[in-house]
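The values are calculated or read from the model by the stated rules, or taken from the named source; none is laboratory data. Model, not experiment: these values are computed from the prediction. For neighbour counting, all protein chains shown are included, and Cβ atoms are generated from backbone atoms with ideal geometry for every residue, glycine included. Ligands, DNA and RNA are excluded from the accessible area calculation, which covers all protein heavy atoms including side chains. Shrake-Rupley method; radii C 1.70, N 1.55, O 1.52, S 1.80 Å.
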Amino acid sequence: MEDTIPLFLTCFITLLLTTFPTHTRATLPGTWELLIPNAGIASMHTAVTRFNNVILLDRTNIGPSRKLLPKNHCRFDQNDAVLKKDCYAHSILFDPKKNQLRPLKILTDTWCSSGSFLPNGTLLQTGGDLDGFKKIRKFNPCDSNGSCDWEELNDVELSEGRWYGTNQILPDGSVIIVGGRGSNSVEFYPKRESGAVSFPFLSETEDTQMDNLYPYVHLLPNGKLFVFANTKSVMYDFDKNIVVKVYPELIGGPRNYPSAGSSVMLALEGEFSEAVVVVCGGAQYGAFLERNVDTPAHGSCGRIMATGSDPVWEMEDMPFQRIMGDMVILPNGEVLIINGAMKGTQGFELGSDPCLNPVLYRPDEPAGLRFMVLNPGTIPRLYHSTANLLPDGRVLLAGSNPHVFYRFDVEFPTELRIEAFSPEYLDPDKMNIRPEILEVPETVSYGVGFDVVVSVELPVVGIIEVNLGSAPFATHSFSQGQRLVKLGVGSAVPEDGGRWRIRCTAPPSGMVAPPGYYMVFAVNQAVPSVARWIHVS
């Protein structure tokens, strides 16, 4: 008898393979690259600057890191329980183009703090634990040849201590700082006369696990804030200190720290009158209290038209259950969901079963077809890991330290490696449609028209988008201040030398794009250029 498979069995196997893909590494989109085998620190907080380098920041009371400060730059802190004289770096400046590291010196404790960029490109960093509880810090970035470093403000401090708070830049360029452990209030930088203002919504969403920490805060294009904590959300008028809309409760259990899911506001476009918010993943209630490492995480996502007249949550299921995942808005408006675990909760030693497969969320597809499973990585990124979009379109991955101190002798060691994930749009077979920005103004004013000139190897068919991406402060599964704005554009007009000129209109106001520096991407058939930085004011 011939060694063959009957026809009916062949058809059945084919059906199984097409219905339930095997998700082998060789067939899934996306590629991975190890950039730095030992960065010296595990980044708890990460932000990309307008000089195309990256600030990585851990807490200061972590004990010895694996990166020394320069000679004669030790930190002296009699209140540090581990090192009174600390000659180790807890922050570094990383140049992804040169793969170079420079240690930075920070004095006060930044454990579970918050941050956002100011209109002038300076990183504002607020709160933390112990001597950092009410501290305000700044980092005025420079290029990789400079000597910029952390500045601790001594003439001003937070009105209330902020530990696990969230920052959001506002239309006027000021920053609101929302919540924190034991701080059910908001305050502003620069400081307002009112100081801290009570925000009862935060106390209403507090439970025995404190699942209202690191609230998800998005600036809506109507100038109000969408604030999500635990399972509830409101539209908040921060100037009048009133809740103007209460949204339906999101089913499926708590979504914020310590039951950490993640959240994004999808790209703003068109007339900029609509904003859609997505919240994905989270831990089962009680996993944190019971220190249960094996409790399955949530696999559901809720999606809501936050600016709608009668908004409701549309529910979807991700391909994987996930806690501690990061949601990164890509230049074309799709969302990368990466990092995290499938069991447990946030906290030291409390996550297991790493979720190594990134997932692409495609907002414009119909429900049921929005998720695409991507090529898995090999490095678990659990508690205290980050993901940030780089100007070249890659996503930078750093951190993961599920331990009180640095440990390397356990199943999930402190992670000092830095990686980059390249979405499918960076595949070599797409390089002939990848645009290159040749000309773009350094600054634009609200509502003003301007030109972007690009080159593309193949002739342009369709519209080339020009999209502005903010540089958020990524920490604890939420990127504070993340947004993407798709500008109004005309058709690309051909010029000599393979150049194409695109007429654009700047965002209409700070409600759509708060003042500051943005990465401007030209996007051709969903493939983005390398970004140039532009100042919107």
Stokes-Einstein, Kirkwood over Cα pairs, the stretch 431-536, 25 °C, 0.890 mPa s; D in µm²/s equals 173
Residues whose modelled amide H sits under 5 Å from the amide H of residue 150, counting only those 5 or more places away in sequence or on another chain, are 105
Packing-ranked peptide list from 483-491, 160-168, 432-440, highest mean Cβ count within 10 angstrom first, is 160-168, 483-491, 432-440
Dividing the mean separation of Cα pairs under 8 Å (6+ apart) by the residue count of the chain yields a relative contact order in percent of 14
Quick numbers on the chain, Rg and Dmax over C-alpha atoms in Å, give 22.9, 90
With a 1.4 angstrom probe the carbon and sulfur portion of accessible area for the chain, in percent, totals 53
Per-residue accessible area, 1.4 Å probe, largest first, puts 370, 407, 291 in the order 291, 407, 370
Rounded to whole Å², per residue accessible area for the chain with a 1.4 Å probe reads 39
Packing-ranked peptide list from 281-287, 314-320, highest mean Cβ count within 10 angstrom first, is 281-287, 314-320
Asserting the computed 222 nm helical MRE of the chain (DSSP H runs at least 4 long, -39500 (n - 2.57) per run, divided by residue count, to nearest 500) equals -1000 deg cm²/dmol
The stretch 32-80: Kirkwood hydrodynamic radius (Cα pairs, Å) comes out at 13.1
